[in-house]
Amino acid sequence: MTRKPLIAGNWKMNNTIAQAVVLAQEVSNLFERDWADAVDVAVCPPYVDLKPVKTVFEFDKTPVSVGAQNVYWEPSGAYTGEISIPMLKDIGCRYCIVGHSERRTLFHETNEDVNDKVRALFADKVQPVHPIVCVGESLAVRDEGTCLEFVDAQVRAAFAGTDEVDAKDAVVAYEPVWAIGTGRTATPEQAQEVCAAIRATLAELFGAECADGMRVLYGGSMNEGNADLLLAQPDIDGGLIGGASLKAGSFVEIVKAAL
Ligand code: PGA
């Protein structure tokens, strides 16, 4: 099966509304409309920038979606500081990053939290927000030689209690923690090995046909210089881009590498 690649920018905690609008406008100006036939593109700005960024792309009719970087699983209530799925839907978010390693490490998000978020996103079926589920090992785990087992367990935990009907539109992003923001990219062979293993786990969970249609991204210091080789790997269906997504030119070059 040929999977349509997804290039998603993770802006992390960068850009005020004014800065976000400028960056979105720069991306929009460089974007060729017909690329959307071959690649899905999204940016995931901070919550406060979502609506302004979405407005820029909508006004220009530029086929770039917006996604959130996190979400809470309850629909409403006394959860100070949290943002719900109905709120993301109201803005028109198409994706939501779940379980990014910075959230797991800095904000103590557990596999159970990730699973609660994934199941809540799957439960909301009208104009669904698709999770981009992040998994990936630390350097210690890689050096120990247990990377594949570690990532397998993260994938199983994230999707526990879900089925192929829900999972088919979900995205998994393999982001080795040692490659995030470090300038140290996984080699295409290392990334391919783990992305193929993730697909094998998805096949065990949801069947080969479903797994074959699901997108598995690579993330971790992907840039316009290394995107070509990473995206050429058979089990890498796109990228989750941090640092390089903050420069319109770099981000658009990565999008072009996926065409
Ligand atoms: P990076 O971040 O591209 O800056 O390494 C990727 C990510 O954390 O999603």
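Of everything listed in (1) surrounded by fewer than 18 Cβ atoms within 10 Å (Cβ to Cβ); (2) at pLDDT 95 or above; (3) of a type outside the set (A, V, I, L, M); (4) within 18 Å of the chain's Cα centre (by Cα), the single unmet condition for GLY181 is (2).
Considering each residue of the range 113-123 in turn, at least one proves to be out of contact with any Asp or Glu (no Cβ under 6 Å at 6 or more places or on another chain), open to solvent by less than 70 Å² (accessible area, probe 1.4 Å) and within 16 Å of the ligand (Cβ to nearest atom).
One residue alone among GLU204, GLU175 is among the acidic types (Asp, Glu) and surrounded by fewer than 23 Cβ atoms within 10 Å (Cβ to Cβ), and that residue is GLU204.
For the range 32-55, the set of residues classified as farther than 15 Å from LEU6 by Cα and buried (at least 21 other Cβ atoms within 10 Å of the Cβ) consists of PRO45, ASP49, LEU50, VAL53, listed by residue number. Restricting the range 229-245 to residues that are part of a strand (DSSP E or B) and small (Gly, Ala, Ser) leaves a set whose member that is nearest to the ligand (Cβ to nearest atom) is GLY239.
Summed over the range 164-188, residues that are more than 15 Å from the ligand (Cβ to nearest atom) and in contact (Cβ under 8 Å) with a residue 24 or more places away in the chain total 7.
Does GLU209 count as more than 15 Å from the ligand (Cβ to nearest atom) and within 24 Å of VAL39 (Cβ to Cβ)? Yes.
The values are calculated or read from the model by the stated rules, or taken from the named source; none is laboratory data. Keep in mind that what you see is a predicted model, and the values were worked out from it rather than measured. In this analysis, Cβ positions are derived from the backbone assuming ideal geometry, glycine residues included, and neighbour counts consider all displayed protein chains. For the accessible areas, the whole protein counts, side chains as well, though only heavy atoms, and no ligand, DNA or RNA atoms are used. Shrake-Rupley method; radii C 1.70, N 1.55, O 1.52, S 1.80 Å.
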